[in-house]
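Below: one structure, written as structure tokens.
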Amino acid sequence: LWKTARKHNAQAIVVTQELDDLISSPVIKESIIANSDIKILLDQKNSKNNYDTVADYLSLGSHDRDMIFSLNRNNNPLYKYKEAYISIGNYKYVYALETSPQAYWVYTTEPTEKEIRRLEVERTGSYLQAITNLAKR
């Protein structure tokens, strides 16, 4: 798929929380990672112990490591955003990604916030109204 997509000037995307999903198969590792010009990494603080493996497979250097491990370390508490490391060819940057308040409340996975959302849905009887109310807070 990757080689065919590139030949036709198209893009294929893989999203995973586990690097093992990609590197467990030599065919997948070689065809996906080797042919991917764009890499996006979110907070990797839980992967510090096996970062060298990640860095080897993704061809990341020490400067990349510094950028990746700086993610979400100095966020402004006044805003709800997360940082992401994005590498496009030779261009490598850390970006702040902020969702709308509505999207935040729809997609949050924080247990306390999920409970607040559940209670608001129960109170209003409408998921849409609950999200609208929570976003206005």
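Okay, here's what the table says:
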item	result
Residue count for the range 5-37, restricted to those that are closer than 23 Å to Gly89 by Cβ and open to solvent by less than 80 Å² (accessible area, probe 1.4 Å)	16
Close pairs from the range 13-31: first more than 26 Å from Lys48 (Cβ to Cβ), partner in a loop (DSSP other than H, G, I, E, B), Cβ under 9 Å, at least 6 apart	Ser31/Leu1
Answer from Leu97, Leu41, Leu71 - the residue that is modelled with pLDDT under 90 and under 15 Å from the mean Cα position of the chain (by Cα)	Leu41
Residues that are open to solvent by less than 100 Å² (accessible area, probe 1.4 Å) and part of a helix (DSSP H, G or I), drawn from the range 38-52	Ser47, Asn50, Tyr51
Candidate set: the range 100-112, residues that are closer than 16 Å to Tyr79 by Cβ and part of a helix (DSSP H, G or I); chosen: the one most open to solvent (accessible area, probe 1.4 Å)	Gln102
Qualifying residue in the range 74-94 (condition: of a type in the set (Phe, Trp, Tyr) and over 27 Å from Thr109 (Cβ atoms))	yes
Residue count, the range 117-135 (criterion: surrounded by fewer than 16 Cβ atoms within 10 Å (Cβ to Cβ) and within 24 Å of the chain's Cα centre (by Cα))	1
Count of the range 61-82 residues which are in contact (Cβ under 8 Å) with a residue 24 or more places away in the chain and open to solvent by less than 100 Å² (accessible area, probe 1.4 Å)	7
Every pair of residues 6+ apart whose Cβ atoms lie under 7 Å, when the first sits in the range 83-107 and is under 19 Å from Lys45 (Cα atoms) while the second is surrounded by fewer than 15 Cβ atoms within 10 Å (Cβ to Cβ) and among the charged types (D, E, K, R)	Leu97/Lys82
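The values are calculated or read from the model by the stated rules, or taken from the named source; none is laboratory data. What you are looking at is a predicted structure, and each value in this text was computed from that prediction instead of being measured. We place every Cβ from the backbone using ideal geometry, glycine too, and count neighbours over all the protein chains shown. Ligands, DNA and RNA are excluded from the accessible area calculation, which covers all protein heavy atoms including side chains. Shrake-Rupley method; radii C 1.70, N 1.55, O 1.52, S 1.80 Å.
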